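In what follows, a single structure is set out as structure tokens and then discussed.
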Amino acid sequence: MSALLLQLDLTKAVFLDESGCRVGMRRERGWGPAGARVIGSRPARHCKNISMLGAIALGRRPLLMTHKGGVGTEVFAHFVRKRLVRWLRPGDVVLMDNLRAHKRPEVIDAILRRARCPSTSRPTAQT
């Protein structure tokens, strides 16, 4: 992958990733007077997850989508089909990590209709 990045026109690079957080996150430890119990609170016991999917490229406004819950194959495929494909430009090179949802045939096909996707290339023997 590093050899590919050295040859890549960075104006065509699109980085795709996802992240998430728990809405009810709280501190596990706190400061207080010596020997006294530190008391805190948090939202409800059952916290919701919020996920964010995004694509960034040089010179363009980032493409973002939020989702209540985790990112599975269906959510990622929806993001690619409904949002990413319209945002991509011909000749873009999409760079992704190895999340299982990234490797699904419907995701790869949707991206390849509009851009190039080096993470799907098979290794070739060097001569």
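Pairs of C-alpha atoms in region 49-121 farther apart than 16 Å represent 45 percent of all such pairs.
Put simply, the amide H of residue 92, placed in the peptide plane, has neighbours under 5 Å in 116, leaving out anything fewer than 5 places away on its chain.
Of all aspartates and glutamates in the structure, those lying under 15 Å Cα to Cα from residue 12, and not within fewer than 8 positions of it along the same chain, are 92.
Here, each number is a calculation from the coordinates, and none is a lab measurement. The shown structure was predicted, so the numbers you read here are calculated from the model rather than taken from an experiment.
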